[in-house]
Structures are given as structure tokens and as C-alpha cells.
1. Report whether or not Lys221 is basic (Lys, Arg), over 25 Å from the mean Cα position of the chain (by Cα) and more than 30 Å from Tyr158 (Cβ to Cβ).
2. Is the stretch 169-190 home to any residue that is within 15 Å of the chain's Cα centre (by Cα) and either in contact (Cβ under 8 Å) with a residue 24 or more places away in the chain or farther than 21 Å from Leu104 by Cα (or both)?
3. Only one residue in Glu184, Glu166, Glu192 is surrounded by fewer than 19 Cβ atoms within 10 Å (Cβ to Cβ) and outside any loop (DSSP other than H, G, I, E, B). Which one?
4. Within the stretch 288-335, take every residue that is of a type in the set (Phe, Trp, Tyr), surrounded by 19 or more Cβ atoms within 10 Å (Cβ to Cβ) and part of a helix (DSSP H, G or I) and give me the one that is modelled with the highest pLDDT.
5. Every residue in the stretch 255-268 that is among the β-branched types (Val, Ile, Thr) and surrounded by 15 or more Cβ atoms within 10 Å (Cβ to Cβ), please.
6. Within the stretch 234-246, does at least one residue satisfy the condition of being more than 22 Å from Thr264 (Cβ to Cβ), modelled with pLDDT of 95 or more and hydroxyl-bearing (Ser, Thr, Tyr)?
7. Report every pair of residues separated by at least 6 positions or lying on different chains whose Cβ atoms are under 6 Å apart, first residue within the stretch 248-263 and closer than 14 Å to Met215 by Cα, second not polar (S, T, N, Q).
8. Hey, any hits in the stretch 237-259 for a residue that's farther than 25 Å from Gly39 by Cα, under 21 Å from the mean Cα position of the chain (by Cα), outside any helix (DSSP H, G or I) and of a type in the set (S, T, N, Q)?
Amino acid sequence: MVTRKPNSEHTMKRNKISSDTRFKNLKSASNEIYADLLGYSVNETSLKNFGKKDWDSFCLNYDLDENSSGIYLPRNQTAIIPKNNSLSLFHEYFGHGLYCEQNLTGKKLVDLEKKLLEEEKEFFDGKKFNLEELEEFRKGNETFNYLQNFKSKNLGIYEGFAVFSEYFLSKNFGLENLFESKYEKLNGNFGEYFNEIISFNEKFGDLATMYGFGMGKIQDKKRLIELSQGLFGKSLERARLVLHFGSGKPFSDIDLFVVSNDITSLYSEWVDVRAYNFDEIKEGIKLLDPKISDPIMIGKFIFGDREYQEELKNKILNQEITGNAINYNLEKWEHYYQRFEDNSLGEYLQNKNLRSAKTYLTNALALKNGEKILTFNELVDYSRKRFSHSEKFIELKGGIE
């Protein structure tokens, strides 16, 4: 019997094919995970997967540490990584790539980089220039200086999402040890920041974490149920009703209306949960509160009892206008208008309170005129028709005195 010696060249080639295939499958499977979770995956980002020789040459040409795990170039939306490095794929391609495609801050970063590139091309058109001359041009360039400030301001969340992408995908593929080995010395301010991210993720789930980073939101029933499961936990099972309302746009906040004795309201820049117990719903309908009538009348059913929503709709339609309802809406107007004038809340919350104040004042005026308006859009139309465009909001109160 003749024993053949292993052909080292064939073995290396076979291992290379196996490694390339595994890496390609990893990339494809990761895209599927994001597509299932978020409703989209990486689409506009290209990937350069360099072997050692090409990687060393690239690092030399771009003054990059050869021990670096990769780099992402926003101006041409390209992720460049050492050959078949899984964590680098997760960080650069899926972390920075997805962030620059599906996040308003990331999109702005790309736009600024491309604007700077065009200005550099225009300035150096037809000229030979070296790195020193490029740096000198950038020092006096307004776009470059704004871009540097923008990068510095958003570096934490930009890198935070990329590291979280590594963490998230590593869990999905059983590569936690690889991730922990890379980041075992993660400390300082960023270490504390990332630990907060992980705690949030463990408490509220993957979707809430992604949206917390400002990623675009596909507000369909599948994802809204998954989000609700993360936000409310087992309390969701006892909720009588969960409705979705609002614009539903990718970069608007998610508006949920909940009827439950166990769930409380919560608010952040990306989600607004209006939660009411059964007694509050009953009282709110009597007072024709627009923040209760609007979502019940137009909200999309997500979870709970469909018949209960129809029952509430009928109660609203049959509810008579009372003096108590008019006075209640006036009191709510005053409450929200005072909050609008509170500068300590910040511009975003002040404007949000101003919109609420206008809603309640318009509703009070309509009720005073014997008109029952049940949705926010109809209240806006009523306000436009009832009052001139030149009339200041503060003057509207005169219509009820």
C-alpha cells in the first residue's frame, strides 16, 4: 500500500477556498439578519477584503497602522479590511456602512465628505499637488473645518454603533469569545458608554437599541410587535390594546397608544408611548381628549382586542359635548403652553409642547362651537379654516373669551 504525502500547495488552496466561502457566507447571513430585524441591510457600501500583501501596502500608502483591524471611507462608502477578518467585517462594513446608509448623522457625514471631495477636485483641477499642499488647502476650507467638528461631536455614537454591530453579530454566530478577546481592555469613558449600551440592549432588545442609535425605522406590524415585546416585556401579554399612529416615517419617532393597567407611558427622541389605564380611557372619552380620541379613531391595530378598539370608537362617536370637556381642553392648553415657555426643556420638547397646546386649544374652540372633531389632522384643517394665517397663536384664546 502506497501512502501519499499531503500536497501542501493543494491543502493551502483548499483551505483558502474554504476560508473565502465561509467569509462570503458570513457576509450574506449577516445581511439577512439585519434585513429581518430592521427591514433593510447594507446596500450602498462596497467592501475591499485585502490579503496581507495588499493590506500592508494599503497601510503604508495611507499612513495606517498595519495592525489596524480596518477602515471605513465615508466619501466613497467603502469598507477596507484585512483578509476574511470577521470582526472587521462586522465593524467596518456592517457597523459604519449601515450607519452611513440608514442614519441621518451617517448620511450627513457622507454628504460632507463628498462635498469636500468636490471642492478639492475643483481647487486642484489640472494641478499636481502633494500631501502638504492638500493639508494647507484644508486648513482654510470651511467644509473641512465643519466636517472635523461634526466628526468630533459624533465620534462616540459613530464608533459605538460599529462596536455594537460587532457585539450583535458575534452573538448571532457564536463568536462571543473573539469579541471579548478583542475588547477585554475596553475601559475609560467609551467603556462606560458601551456598558450602558449593552445594559440597555439586554433590557429592551435589539430593535430598541438600533433605534436608540437613530437608525431608520420600518414601522410595520412585525417590527412594532417585536419592539413592544422588548419595551413592555411580559406586561404586553396583559395589554388590552396596542395601536400605532403618527406619520410612520423612517426618521420620525414611533408613536404607540397602549391601554393597560400594567404599562406606563415612556418617551425618548425615537419613541413616544402613550399608556392609559382603563379608568383613564373612560374619563378621557367623556372629556373628548384628542390625545385619546385620535389614536383610537385612526390608529393601526398592533396587539390586543380588535373588538375593544371598535367599542371605544363607538363610545367616542356617541359622546356628547359637555362644559366639562371644554374646560378640560382649555386647562390642557394652558398646561402645555406653560411648558412650551419653559426654556429649560430645550427647543425640541418646547416645540412638542407647543403642538400639544395648539391641539387642545383648537379642540376647545371647536367644542365651544358645537363641533366634535376626533382626529389630529381634522383639527389642523379646522384651525386653518377657522383662523387666518396672519393670526398669532396667542390670539386664538380670544375666540373663547
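1. no
2. No, there is no match, as no residue in the stretch 169-190 is within 15 Å of the chain's Cα centre (by Cα) and either in contact (Cβ under 8 Å) with a residue 24 or more places away in the chain or farther than 21 Å from Leu104 by Cα (or both).
3. Only one candidate passes the filter, namely Glu192.
4. For the stretch 288-335, the residue satisfying everything is Tyr328.
5. Once the filter is applied, which keeps residues that are among the β-branched types (Val, Ile, Thr) and surrounded by 15 or more Cβ atoms within 10 Å (Cβ to Cβ), the stretch 255-268 yields Val258, Val259, Ile263.
6. no
7. That search, which allows pairs on different chains as well, returns Pro250/Gly216; Pro250/Lys217; Phe251/Leu104; Asp253/Trp270; Asp253/Val271; Asp253/Asp272; Ile254/Val271.
8. no
The values are calculated or read from the model by the stated rules, or taken from the named source; none is laboratory data. The structure presented is a predicted model; accordingly, all values stated were derived computationally and were not measured. Note: ideal-geometry Cβ built from the backbone for every residue, glycine included; neighbour counts use all protein chains shown.
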